[in-house]
Structure formats: C-alpha cells, structure tokens
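Worksheet: the structure to be examined is printed underneath.
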Amino acid sequence: MTDEPEELYLDAAATEPVSRDVIESMLPFLTDAYANPASVHQPGRTAARALDAARASFAADLGARPDDVIFTSGGTESDNLAVKGIAMARMKALGLAPGSGSGRPPRIVVSAIEHPAVMQSAEWLSRWFGFEVVRVPVDAQAHVDLAALEQALAGEAGERTAVVSVMLANNEVGTVEPVERIVEIAHGHGVPVHVDAVQAAGLIPIRMRAWDVDSLAVSGHKFGTPKGLGALLVRGRTPIEPLISGGGQERGLRSGTQNVAGAVALAIALRRSTTRMAAHWRDLVASRDMLIDAIRRVVPRAELTGDPERRLPGHVSFVFPGVTGEALLVDLDARGIACSSGSACAIGRHEIPPTLLAMGLEPSIAKSALRMTFREPLTREQVERVSLAVEESYDSLTGR
Ligand code: PLP
C-alpha cells in the first residue's frame, strides 16, 4: 500500500466545510421544532422565534438591522434579486421603462470584475429592458477606478443610472475594494449601491449601515453553512422589486416558506467565523504572507496578483508564466494539495480568469493563474509543503 499524502484543502474561497456545531445547531429545527414559522399555533411560534433570533444575530454581525435581512438560497440569488430587483424598481421610478416614451435607455454601472451572478444579471437587463451596461475599469491590482466611476455617473447619463454594483472583495485575487468611497460617489449622484460581499463575509468586518450601503449579498457556504443558503441585506429605503412572488415572506421580497434550520445555520456559522477571524487574524495574515514569500522564493518568475496588503487574509493568488493554471492545479492535486485556477463559479468551463484580463494581464499570462485560499492559519510545515510542491510541479511542467 502506498502512503497517500494527507489532503491539504486550499480552496476555501470555493466553499468551506460545515462544522459539527453548525450541523448540531440545525438539528432541532429538522426534528422536533419542524413547524412552519408562519403557522399561528405554538409549534409555529417556536419556529418563528428561532427565525427572528437568527435574523437578529446575523444582522448584528454585518452591521445591519434585523429587518434588513432577506434570507435566500445563496449568493447567486441574492445578487440577482439586488441587481434585477433594484434596476427594475428604479427604471420605473426614473420614468425610463420601455413604453414610457422617454426615448432614453436606463443604465446600470458595474465594476469590470464582478462575479457572473452580477454580470449576467446586468446582461439580462440589457437583453430584456434595453439597459446600457457600463463597466467601470480597475487598475493593475484590481481596485475600482474611482475617477472612472465618477465620470460614469456624471451628467445626464448619471441621471439614467438605476444602480451601481461592486464587490467588497474579489474572488480571484482577493483585493478589498474601497466600498465606502464608492458609496459616497454613487450617492452623490443619487444612485443606490449594491455590494457583493460573498467573499468577504466572515473574513473581514462588514458594517452595512455605517457604510450606507443599499443592499449587500452574502453566501453561507463561504463561511461554513451547507450550500444553498444566503441572504440579501436590503434597506427599507431601497426601491426593489421581488423576483419570486408568492405568500409574501421576507418583506414580500422573497416569497416561499423559510428554511428555519438554514437561517439558524447562517447565524451560528457567521458568528463562529467572525469570532474565529478576530482571534486568528494576525496568524492568518502572517501565514498568508509566509506562503507568498515562499512561493516567490521557489519560483522567482511567479507574480502575486491583486493588492499585496489590502487583500483578504487567507487569500494567495499568483500567475506562473510558462505553465497553465489548470495544469499546475492538476499536478498539485496529485500531490495532495487542492487549490483552484481562479474561481469555481463557471461550471465545467476553464475560462481565462476575467478579473485578470480586466487588470490588464495578457491572456497567456492570465491563463497561468493559481489561487490558494484558507480560513485557518497554515503552519510553517504546511507552508513548506505547499511551496515545495509548487516548486516541483512548476519544474516538472516547464522542464526547468
Ligand atoms: N459572488 C461572488 C464574489 C462569489 O465568489 C460567488 C461564489 O463563488 C457568488 C457570488 C455566488 O455565490 P453562491 O455560490 O452562493 O451562489
């Protein structure tokens, strides 16, 4: 029998394992307290109380109020609801709906590095309602170009803009965006801002109300819930149309009987993640930087992508000229190291990471991207093991 190396999972940005305490927190609501939270009887009220408590705890950890929370099936649904729902409500309020006779198309402004959940929602608005989609460029480290944003919102065009959508932290390169400045600029032109915080929630502090954000999307499986759970936080003041109609649950913005056990899992997992992060922040950042240094040492041609400092704590992303990220990832997988060549969002497609193209990298270089993400600090031994494996993989693929 050969000794298989122990698997090292470095793909936390794709999904995180569900911890035992999160599973245990869900169990009562799958067994004894199974009632529908809308039922008026005693068991129903027990379920409703659990839902309320989960909502309050979840909101508090994101700097929001309980009423802001709309539970959904995950990040993709939350982004769809925000982008399409706000755009449609605002299009009507601005008198720019098709058939209004305005003759002026509504606009949506997104950063050039948005996740497909946002980008494809914007494309859908363009296809069905004639929206102009404006992509604000980013710099070489993936920061949104604030001067370009200002320009995109100036004058008559700004008046036709329904919503601005940006991410708090980028999934491919980990860069954290200046969301407060973006909100200031957009609000200066009277335009609401949706923030995709899927990669950031549970990892960096989020203060939705203090930042004056209008809506904010999070996804549970990125911080330790089962997959298919998430939320859109949306202020009462924000104009928004529901995409799912029915019995009027979740302020009428997301009809359908709520997943009580799922809401409890979201609250418990987010609390667990934010507490863990506060305790481990320094170690996580130190191990990230140790891995970055080690990779630079073993493959001097490798280049870190994204902002070296304003980046997610457990996020390491590089390009490795001379190989493809895919070949590297397959080779590392055979050595027991599970990482990613960019993002896991496009099923079965090995696209060139779009963020890297938007950052101005040549397609041949962008194709060589590799991402390693983790939410527990790596030990020195783990860093050494990973860097040795990267060196051996790179050497064997390039014949170095
Ligand atoms: N937005 C970002 C930035 C993401 O990274 C992802 C998933 O990777 C999503 C949205 C989609 O979230 P979900 O997988 O919960 O649908």
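Can you tell me how many residues in the stretch 83-118 are more than 16 Å from the ligand (Cβ to nearest atom), touching a helix residue (DSSP H, G or I) at 6+ places or on another chain (Cβ under 6 Å) and open to solvent by less than 20 Å² (accessible area, probe 1.4 Å)?
4
Kindly indicate whether residue 141 is open to solvent by 10 Å² or more (accessible area, probe 1.4 Å), without any contact (Cβ under 8 Å) to a residue 12 or more places away in the chain and in the same structural domain as residue 219 (by TED's automatic domain parsing).
So residue 141 fails the test.
Those residues that are away from the ligand (no atom under 16 Å from the Cβ) and in a loop (DSSP other than H, G, I, E, B), I need them from the stretch 5-35; list them, please.
Passing the criteria: 5, 6, 7, 19, 30, 31, 32, 33, 34, 35.
At pLDDT 95 or above and not in a helix (DSSP H, G or I): which single residue out of 38, 48 fits that description?
38
Report the residue count in the stretch 61-79 for those that are open to solvent by 10 Å² or more (accessible area, probe 1.4 Å), near the ligand (Cβ under 8 Å from one of its atoms) and among the charged types (D, E, K, R).
Summing the residues that are open to solvent by 10 Å² or more (accessible area, probe 1.4 Å), near the ligand (Cβ under 8 Å from one of its atoms) and among the charged types (D, E, K, R) in the stretch 61-79 gives 1.
Hey, can you tell me all the residues within the stretch 208-253 that are out of contact with any helix residue (DSSP H, G or I) (no Cβ under 9 Å at 6 or more places or on another chain), within 18 Å of residue 64 (Cβ to Cβ) and touching a residue at least 40 places away in the same chain (Cβ under 8 Å)?
250
Taking the stretch 265-313 only, how many residues are open to solvent by less than 80 Å² (accessible area, probe 1.4 Å), of a type in the set (Gly, Ala, Ser) and within 20 Å of residue 377 (Cβ to Cβ)?
7
Taking the stretch 348-400 on its own, how many of its residues are assigned to a loop (DSSP other than H, G, I, E, B), free of Cβ contacts under 8 Å to residues at least 60 places away in the same chain and in contact with a helix residue (DSSP H, G or I) (Cβ under 6 Å, 6 or more places away or on another chain)?
Going through the stretch 348-400 one residue at a time, the tally reaches 3.
Could you give every pair whose Cβ atoms fall below 6 Å, whose first residue belongs to the stretch 152-175 and is open to solvent by 10 Å² or more (accessible area, probe 1.4 Å), and whose second residue is of a type in the set (D, E, K, R), counting only separations of at least 6 or pairs across chains?
Close Cβ pairs (under 6 Å, with a partner that is of a type in the set (D, E, K, R)) amount to 160/104; 160/107.
Answer with yes or no whether residue 49 is touching a Pro at 6+ places or on another chain (Cβ under 6 Å) and either more than 30 Å from residue 118 (Cα to Cα) or not hydrophobic (A, V, I, L, M, F, W, C) (or both).
Judged against the criteria, residue 49 is not a match.
Quick check on my filter: what residues within the stretch 47-63 are in contact with a Lys or Arg (Cβ under 6 Å, 6 or more places away or on another chain) and among the hydrophobic types (A, V, I, L, M, F, W, C)?
The answer is 59, and nothing else.
So, residue 198, is that one of a type in the set (Val, Ile, Thr), within 12 Å of the ligand (Cβ to nearest atom), in contact (Cβ under 8 Å) with a residue 12 or more places away in the chain and open to solvent by 10 Å² or more (accessible area, probe 1.4 Å) or not?
Considered against the rule, which asks whether it is of a type in the set (Val, Ile, Thr), within 12 Å of the ligand (Cβ to nearest atom), in contact (Cβ under 8 Å) with a residue 12 or more places away in the chain and open to solvent by 10 Å² or more (accessible area, probe 1.4 Å), residue 198 comes out as yes.
Under the condition of being surrounded by fewer than 22 Cβ atoms within 10 Å (Cβ to Cβ), part of a loop (DSSP other than H, G, I, E, B) and modelled with pLDDT of 95 or more, which residue from the stretch 332-347 is nearest to the chain's Cα centre (by Cα)?
Here the residue is 336.
Consider the stretch 200-220. How many of its residues are within 15 Å of the chain's Cα centre (by Cα) and over 15 Å from residue 231 (Cα atoms)?
3
The values are calculated or read from the model by the stated rules, or taken from the named source; none is laboratory data. Everything quoted here is computed from the prediction, not taken from an experiment. So basically every Cβ, Gly included, is an ideal-geometry build from the backbone, and we count neighbours across all protein chains shown. Just so you know, the surface numbers come from the protein's heavy atoms only, side chains and all, with ligands and any DNA or RNA stripped out. Shrake-Rupley method; radii C 1.70, N 1.55, O 1.52, S 1.80 Å.
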